[in-house]
Amino acid sequence: MEQNILDCVIVGSGPSGFTAAIYAARADLKPELYTGLEPGGQLTTTTEVDNFPGYPDGVTGPQMMMDLQKQAERFDTKVHYELITKAEFSTEVGGIHKLWAGNKEILAKSVIISTGATAKYLGLDDEKIYSGGGVSACATCDGFFYKGKDVIVVGAGDTAAEEATYLAKLTNKVTMLVRKDTFRASKAMIHRVENTPNIEVKFNHELIGIEGENALVERAVVINNQTQEISKIDVHGIFIAIGHKPNTDIFAGQIHLDENGYIKTVPGSTLTNLPGVFAAGDVQDHRYRQAITAAGSGCMAAMDAEKYLAELAQ
């Protein structure tokens with residue numbers, strides 16, 4: 001029995017994956033989407049989404065992803081609740097790409113990778129307990145909810161400095177916890193932190209626990225790693241800003257990645273180094289990391305895939 005060769009397979013199910021599916025389905029590419037272990041992606045861990053256009057009253061992350069999925073399925077996208085575990089990409093124009101979900105082999109003329117990136121956390125049990133109740137990894141997503149309140153930013157790099165200065169405009173006070181005695185951030189970002197009056201930097205301090213009623217953050221438990229002195233800081237929000245890990249392990253060695261593991265795309269497009277393989281969303285974007293920019297690049301990927309397949313058919 002000859003195996004079916006699909007026109008388009010989408011790997012990942014965040015805003016970029018489902019937007020790619022909507023556009024690919026409307027272009028009659030009959031896409032099949034594999035959700036991975038976290039259907040809906042990072043947004044399913046966000047309680048309120050207030051900055052996605054078209055939702056004047058806001059929406060929860062999970063609800064928004066259900067809406068996107070319904071829209072994709074309305075145009076006959078086939079959604080598989082399975083994880084792609086292996087990929088063998090063709091290097092030839094018009095070549096057939098192979099993917100595996102466990103033992104199941106999938107053949108496709110084009111593949112859109114939208115596997116996203118996972119925020120790095122410290123690994124404290126409390127981070128999970130208070131996730132959605134004051135612990136966040138995205139200041140631009142959640143900072144608005146802490147207007148006039150006190151918050152903590154954990155981290156020492158450019159991301160942490162950027163999150164702290166962004167939050168300082170909204171909140172009463174930002175306390176930065178830096179594990180070592182220096183920043184890792186660029187000089188320009190350090191300068192911005194030092195010139196923001198409501199940011200206090202605690203060097204040689206680490207977050208070791210979180211306290212609060214009803215899974216809502218009320219206090220941070222911190223340790224001075226020089227003196228071993230433990231103290232508590234009253235805060236409503238704790239932002240973990242120690243970086244993201246793009247979900248690209250299974251593509252390494254085939255797709256060109258940057259030094260941090262993000263997929264390199266041709267500027268102004270979603271094209272990768274391999275013909276018929278496209279990348280959208282946070283897996284190739286370490287700068288903006290927003291639902292709306294991910295959705296936009298999902299649209300681009302589907303249009304790039306459609307153009308690639310149309311040229312093959314000529």
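Output the qualifying pairs, or none if there are none: Cβ atoms under 6 angstrom, residues six or more apart or on different chains, first residue in the stretch 59-72 and closer than 14 Å to A21 by Cα, second residue among the hydrophobic types (A, V, I, L, M, F, W, C) and open to solvent by less than 50 Å² (accessible area, probe 1.4 Å).
M65/L43; L68/F18; Q69/F18; Q71/I22; A72/F18; A72/A21; A72/I22
Residues that are modelled with pLDDT under 95 and in contact with a helix residue (DSSP H, G or I) (Cβ under 6 Å, 6 or more places away or on another chain): does the stretch 224-239 have at least one? Talk me through it step by step, then tell me what you get.
Taking the stretch 224-239 first, the residues modelled with pLDDT under 95 are none.
No, the stretch 224-239 has no match at all.
Take G155 and tell me if it is crowded, with 18+ Cβ neighbours inside 10 Å, at pLDDT 95 or above and on the phi > 0 side of the Ramachandran plot.
It is true that G155 is crowded, with 18+ Cβ neighbours inside 10 Å, at pLDDT 95 or above and on the phi > 0 side of the Ramachandran plot.
Could you please tell me which pairs satisfy a Cβ distance under 9 Å, a separation of 6+ or placement on different chains, a first residue in the stretch 173-190 that is within 20 Å of I238 (Cβ to Cβ) and of a type in the set (G, A, S), and a second residue that is open to solvent by less than 50 Å² (accessible area, probe 1.4 Å) and part of a loop (DSSP other than H, G, I, E, B)?
Listed by first residue and then by second, the contacts come to A185/G155; A185/A156; A185/G157.
Table: residues versus (1) farther than 24 Å from H286 by Cβ; (2) outside any strand (DSSP E or B).
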{"site": "I152", "(1), (2)": "no, no"}
{"site": "A164", "(1), (2)": "no, yes"}
{"site": "K180", "(1), (2)": "no, yes"}
{"site": "A185", "(1), (2)": "no, yes"}
{"site": "T196", "(1), (2)": "no, yes"}
{"site": "I208", "(1), (2)": "yes, no"}
{"site": "A215", "(1), (2)": "yes, yes"}
{"site": "A220", "(1), (2)": "yes, no"}
{"site": "I223", "(1), (2)": "yes, no"}
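Out of K70, K98, I need the residue that is basic (K, R) and assigned to a strand (DSSP E or B). Which one?
Values: K70 fails: assigned to a strand (DSSP E or B).
Result of the check over K70, K98: K98.
Which residue out of K169, K180, K128 is open to solvent by 60 Å² or more (accessible area, probe 1.4 Å), of a type in the set (K, R) and within 13 Å of I242 (Cβ to Cβ)?
Numbers: K169 fails: within 13 Å of I242 (Cβ to Cβ); K128 fails: within 13 Å of I242 (Cβ to Cβ).
Within the list K169, K180, K128, the selection yields K180.
For G95, are the conditions met, namely being under 29 Å from S136 (Cα atoms) and open to solvent by less than 20 Å² (accessible area, probe 1.4 Å)?
Judged against the criteria, G95 is not a match.
The values are calculated or read from the model by the stated rules, or taken from the named source; none is laboratory data. Just so you know, these numbers come straight off a predicted model, no measurement behind them. Quick reminder, even Gly has a Cβ in these numbers, built from the backbone with ideal geometry, and neighbours come from all protein chains shown. With ligands, DNA and RNA removed, areas are computed over all heavy atoms of the protein, side chains included. Shrake-Rupley method; radii C 1.70, N 1.55, O 1.52, S 1.80 Å.
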